[in-house]
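The values are calculated or read from the model by the stated rules, or taken from the named source; none is laboratory data. Please read these numbers as outputs of a predicted model, since none were measured by experiment. Neighbour counts are summed over all protein chains in view; Cβ atoms, including those assigned to glycine, are modelled from backbone coordinates with ideal geometry. Surface areas here come from the heavy atoms of the whole protein model, side chains and all, with no ligands, DNA or RNA. Shrake-Rupley method; radii C 1.70, N 1.55, O 1.52, S 1.80 Å.
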Amino acid sequence: MNSQSQRRKNFKIEAFKHKVELDPKYAERTWKVLEHAIHEIYNNNASRLSFEELYRSAYNMVLHKYGDKLYSGLVATMTAHLNKIAKSVESAQGGLFLEKLNHKWADHNKALQMIRDILMYMDRSYVPTSHKTPVHELGLNLWSDHIIHSPNIQARLQDTLLDLVQRERTGDVINRGLMRNITKMLMDLGSSVYQDDFEKPFLDVSACFYSGESQQFIECCDCGSYLKKAERRLNEEMERVSHYLDAKTEVKITSVVEREMIANHMQRLVHMDNSGLVNMLIDDKYDDLSRMYSLFKRVPEGLSTIRDVMTSYLRERGRVLVTDTERLKDPVEFVQCLLNEKDKHDKIISTAFNNDKTFQNALNSSFEYFINLNNRSPEFISLYLDDKLRKGLKGASEEEVEVVLDKVMMLFRYLQEKDVFEKYYKQHLAKRLLSGKTVSDDAERSMIVKLKTECGYQFTSKLEGMFTDMKTSEDTMLDFYAKQSAELGDGPTLAVQILTTGSWPTQPTAACNLPPEILTVCEKFRTYYLGTHSGRRLTWQTNMGTADIKATFGKGHKHELNVSTYQMCVLMLFNSADGLTYREIEQATEVPALDLKRCLQSLACVKGKNVLRKEPMSKDISEEDVFYFNDKFTSKFVKVKIGTVVAQKESEPEKQETRQRVEEDRKPQIEAAIVRIMKSRRVLDHNSIVAEVTKQLQSRFLPNPVVIKKRIESLIEREFLERDKADRKLYRYLA
Amino acid sequence: MASRDRVRFNVGGQLFETTSTTLANAGRESMLGALLDESWNPGQPEYFIDRNPACFSTLLDLLRTGALHIPSNVPEKLLYREALYYGLLDHVRGAKWGPFDGNTLRLADSVPGRAPGDGTAIRGAPDGGCCVAHGSVVHVYNWMLEERRPISLDYQQVNDVGYIDANSIVITARERLGKGDGGMAVFSAATGELRHRFRVEHGRQPKSFTAGALSLAGLDDHRIFSSCKGRLNEYGIGVWDHNTGQQVDFFYEHPGCSLGDADKLQWLPSKNCLMVATLFPRTDNCFIGLLDLRDKSIPWCWSDAGITMNLEDKRVLHAIAMEDGHSICVINQYDDLGFIDLRAGNTNSAGTGVRWSSRSKLMNQKVPYEESCYPKLATHNGQLFSCMNDSISVFSGSEHVLTSTLRRSYGGSICDFSIGGDRLFALHNEENVFDVWDSPPCPII
């Protein structure tokens, strides 16, 4: 027992070893193997290496906690190689520099891939836990540090690249593939390397280049060819980016070209003498305009520059047009001119300016501006329509009619005084309808529909009333003749148009004395009409009628004369007398003096239509003149139309009168608007009322603030409104 | 021609023959991919690899079939080690378990812990790892369930924990009075290093605070939300950018809702709102609300304040917004599920509006003497999960029918569970043990 315990005591228990210590030289030896392999890889001798062995070696180093040694060894070895490469790249002569760099870069990439293969295990386990840069990224960083940023390479590389770009800009052919590889290398090294070492200097140099070139171009080129050059340069730069630069550079370089070639010279370009924007507009240079639009669109304020110049040009041109007294002589020509102007610029906007809405608005506002500079525009537009609807559209297809009407409507939209237009249109329409001169009922109605959609039901209700009257009159006459034909016998045929008072622009005038033959029929009709429609009043508007009469001249020449009612009355007098003085005629017919003179003038003083003879012979009618039946009257036509004064541009006094009537009509409209507004608002200050009234009425006309003020005062007098007792600027609605 | 495709390996003395087509499945970023790459001298009659042949055989089978079968004589850890050598660890993980389905879960592993006291929270990582918060320490496990360096924030009591991504863990912890300790911080899951702390600033002055419940906005949205409590007026919901760690917003408490004490935060992308739930027993009255951070409003809220409560009344103990964003699911102490419609009306008060689906199955089984935990809820791919005592129930379909129950006798009741990386992790109250459940890979036929 004793000896046994003794033995136990002697038994020495060794401390348990955690790990079998490796040969201390193991790490060094393994690293040597790997280092050698890295050398061989860089020297393109990899075929003699065993991947499996190298991988396992690297694995073992990491496994046995020699990751640090492995990693720092890698950094040192790779750095050494890169320094060698840097030397060799530096020594490359002239043009071979880039080739060499590109070649070495390809080699480095391949080597890097293989080194990473060997060190894959380190990349997976050691690198993430010890916050190191992964092998591939490390390789790129070292390449940047030791090659790209080496003092002997950095500036040379940058200069070489910029020089190549410069050479390409001046027309040389360069090796784009090589260029692409080098820029791709810079991109691979990270966006900051690409930007700092190439992109920034590239943009600076480009700005400098284009600043100089644009200065040179602008001195010696006209606007059109300058723009062509700028466009070509822009396209070249975009093409360059697509061939060998980073796609993100495109925005930057194009903005440099835009700034240097366009933005900095915008004003000079648009105002260039003989070739600037205005000349392009005048000469319809669609290509140049379109180029200018697309280039200027790229820079801030570009389009607004074009638009402003175009607007001021349009306004000035329009102002000259509407104030040109020569043009104002012919209203139809005047409006046609406006339409042509509109068409021309519409076409420019649609072909060259991409149908840009803001340009269309500018065009519209310009037209609105100058059309309203001339207060006869509403009248002239109505006259233009009158001309078209009388004869201008004869033979035109429905579509063509629509096109013309639509264009006129467009001008109509620009008018501020739409109510003035309405007045004139009503007058002209009445004349067309009553003289039966309208070309097409459809065209007339289509125009009414357009006005209705534009201005609403109220605007056209009276115009439509006129059409209804025409139709009713026709029916009434049919009925009259059907019932009364027996009694009427061979007397003159009467065609009565019954016009509703108020719908028509009639002025109350005293009827003239009708010849007895006519008077009889008229009386019969009056009896018939009042018999069927009780409670109505008929007034003859003898100033508006026409008559067809048959006349026999010397040698049995028979002619049918188409005359006005007044002229008919005059001519009928000569059935019973050969010669009559002016006073006798005036007494017998009681035609108003002005009208009588006008109708005598057209009967006696117009060559080829002179069915009367005047003594003494002169152009003007005086009260002492004597008129004779012109027995010698001849004409090659059987039917002779004695010209009556057709709807013409109004004379100055007539114009004044129309304007006064318009002003009169506006008063109740303004008052109605004021009352409507005050009824809902109860209390409002003066300026707000003016603003709201203007807003409500602007679809018909632009009310004058002075007139509004007068209407307010009138309403106060009539106790619709009162001034606030505390604040005199406030008005109060009195219910 | 066929022979040119063939590759022979001698692995640790054992011969293997395969094809380069099979090996292509390993990918270029693996040891085998590099070995056969043309930059190395390919086409050798035989490649020698000084590794374990049994593991190689298993991994070669994995490349051939895409399925993983670990023979009983191969320890799992050894296989992982070999897979790491070949750069095939991701292949192994992808083949180890299948797509998550609550109805096919099997117990994959059970890991005992050593920390004292009750577990606070368990969270599954996007790659199948997990972390467990115990007291002031968070234990981190990778998907192989190897433990990594534990994490702590100044050894302060951890309140909540979450994964920003597989390698970033965010922790919220209690502040320590008078020191800048505690609050909230992001750590590296792999190394346990502190990446950055989140600060709360009021009037440009940093304040110490206690951070509570956490929520992340989503994949492309870098916001992270946490309930905050300070000593002055720093009660509310803090919002940070988890990339930069900068505070981007702060939602101060409105009267009547204690946001700083929230038990649960959940970002609802479809509503662009954050759900905040403050629940019994932390507060006497439950409050669930949606916060709109853009205009600092509460467009919807629910509360059971105002109805007299005794202990037997149903109390909302946990809440989760359903994935469709139309309703919030709640659970009470009897393991009843209830639903509150988010679309109906603006505000529900006085506890109305909960549609309880009474299952009344566990009420009677409740064992009074056993220490129980409060129930929790989770959703995944249309399935709803709830834990009560020692089991987890799985509900499927639009009607939320009970389809599976996961239970294990060991470890006592479940205090928290989490789904992440196609795995379900359940933390038990006793022995600090946690279970890992996953769905098997697709069957052979």
Going residue by residue through segment A:401-406, the Karplus relation 6.51 cos²θ - 1.76 cosθ + 1.60 with θ = phi - 60° gives ³J(HN,Hα) values, rounded to whole Hz and with x marking Gly or Pro, of 4, 4, 4, 4, 4, 4
Translational D (Stokes-Einstein, µm²/s) of segment A:262-309 at 25 °C and 0.890 mPa s when Rh comes from the Kirkwood sum over C-alpha pairs? 233
Inter-probe distance in nm under a simple model that places probes 7 Å from Cα toward Cβ, at A:ALA735 and A:THR453: 4.3
How big is segment B:182-318 by the Kirkwood estimate over distinct Cα pairs, in Å? 15.8
Residue of B:THR172, B:THR278, B:THR65 that the Gaussian network model of chain B assigns the largest fluctuation, springs spanning Cα pairs under 10 Å: B:THR65
A:GLN154: net charge of surrounding residues, Cβ under 14 Å, Lys/Arg +1, Asp/Glu -1, itself excluded? -3
A:TYR369, B:TYR374, A:TYR528, B:TYR85, ranked by accessible area, largest first (probe 1.4 Å): B:TYR374, A:TYR369, A:TYR528, B:TYR85
Segment A:36-96: translational diffusion in µm²/s, Stokes-Einstein, Kirkwood Rh over Cα pairs, 20 °C, 1.002 mPa s: 160
Probe 1.4 Å, protein heavy atoms only - accessible area per residue of segment A:394-509 in square angstrom: 51
I'd like the accessible area for A:ASP159, computed on protein heavy atoms only with a 1.4 Å probe and all protein chains in place. Round to 10 Å², please. 90
Dipole-positive endmost among A:ALA495, A:LEU530, A:LEU140 within chain A (Cβ charges, Cα centre): A:LEU140
Using 1/(1 + (r/R0)^6) with R0 = 30 angstrom and r between the beta carbons of B:GLN14 and B:ILE444, what's the FRET efficiency to the nearest 0.05? 0.70
Counting every C-alpha pair in segment A:345-429, the percent lying more than 19 Å apart is 48
Nearest 100 Å² is fine: what is the total accessible surface buried where chains A and B meet, probe 1.4 Å? 1900
For segment B:88-212, with only Lys/Arg (+1) and Asp/Glu (-1) charged at the beta-carbon, what is the dipole magnitude about the Cα centre, in debye rounded to 20? 360
Jot down the per residue volume, in cubic angstrom and as a whole number, of the convex hull over the alpha-carbon atoms of segment B:9-48. 70
Solvent exposure ordering (accessible area, 1.4 Å, most first) of B:ILE70, A:ILE282, B:ILE444, A:ILE621: B:ILE444, A:ILE282, B:ILE70, A:ILE621
Probe 1.4 Å, all protein chains present, accessible-area order of B:ASP37, B:ASP61, largest first: B:ASP61, B:ASP37
I need the GluC sites (Glu not before Pro) found in segment B:14-120, filtered to DSSP loop residues with at most 14 other beta carbons within 10 Å of theirs. B:GLU29, B:GLU38, B:GLU46
Using 7 Å Cα-to-Cβ label points, what is the A:ASN704/A:CYS337 separation (nm, one decimal)? 2.7
Tell me which lysines have Cα within less than 20 Å of A:LYS200's Cα, excluding those fewer than 8 residues away on the same chain? A:LYS184, A:LYS248, A:LYS252
What number, in percent, do you get for the relative contact order of chain B if the mean sequence gap of Cα pairs under 8 Å and at least 6 apart is divided by its residue count? 13
Over the C-alpha atoms of chain B, what are the Rg and the largest Cα-to-Cα span, Dmax, in Å? 25.0, 85
Sorting A:ASN372, A:MET410, A:LEU434 by the position of each Cα along the dipole of segment A:330-442 (Lys, Arg +1; Asp, Glu -1; all at Cβ), the one nearest the positive end of that ordering is A:LEU434
Run the numbers on segment A:601-735 and let me know its relative contact order in percent, using alpha-carbon pairs under 8 Å that are six or more apart. 17
With 5 Å bins from 0: P(r) over segment A:534-656, alpha-carbon pairs, percent: 2, 10, 21, 23, 19, 13, 7, 4, 2, 1, 0
If the limit is 31 Å between Cα atoms, which of A:LYS388/A:LYS609; A:LYS426/A:LYS641; A:LYS357/A:LYS431 go over it? A:LYS357/A:LYS431
Restricting everything to alpha-carbon atoms, can you work out Rg to Rh for chain A with a Kirkwood hydrodynamic radius? 1.35
Percent carbon-and-sulfur accessible area, segment B:85-240, ignoring ligands, DNA and RNA, probe 1.4 Å: 46
How crowded by other chains is A:365-371, given as the mean number of beta carbons from other chains within 10 Å of each beta carbon? 0
If you roll a 1.4 angstrom probe over the protein chains with everything in place, what fraction of the accessible area of chain A belongs to carbon and sulfur, to the nearest %? 50
Enter the mean projected area of the convex hull around the alpha-carbon atoms of segment B:29-116, in nm², rounded to one decimal. 8.9
For segment A:465-503 and segment A:388-450, write down the distance between their C-alpha centroids in whole Å. 26
Just to be sure I understand: with springs between alpha-carbon atoms less than 10 Å apart, which residue in B:PHE425, B:PHE209, B:PHE339 has the highest mean-square fluctuation in the Gaussian network model of chain B? B:PHE339
Using the crude model of +1 on Lys and Arg Cβ and -1 on Asp and Glu Cβ, and no other charge, please compute the dipole size for the protein assembly as shown relative to its Cα centre, in debye to 20. 660
So, in Å, what gap is there between the alpha-carbon centers of segment A:293-372 and segment B:85-151? 76
For A:ASN141, what charge total do you get from the other residues with a beta carbon under 12 Å from its beta carbon, if Lys and Arg give +1 and Asp and Glu give -1? -2
The answer for the longest stretch of chain B without any exposed trypsin sites (Lys or Arg not before Pro) (DSSP loop, at most 10 further Cβ atoms within 10 Å) is B:1-113
Rounded to the nearest 10 Å², the accessible area of A:TYR210 using a 1.4 Å probe with every protein chain kept is 0
For A:LYS426, solvent-accessible area (1.4 Å; no DNA, RNA or ligand), Å²: 30
Using 0.36 nm per residue of separation minus the Cα-Cα distance, give me the extension gain between A:ARG413 and A:LYS632 in nm, one decimal. 73.5 nm
Put +1 on the Cβ of each Lys and Arg and -1 on the Cβ of each Asp and Glu in segment A:539-643; which of A:LEU573, A:LEU612, A:VAL640 then has its Cα farthest toward the positive end of the dipole? A:VAL640
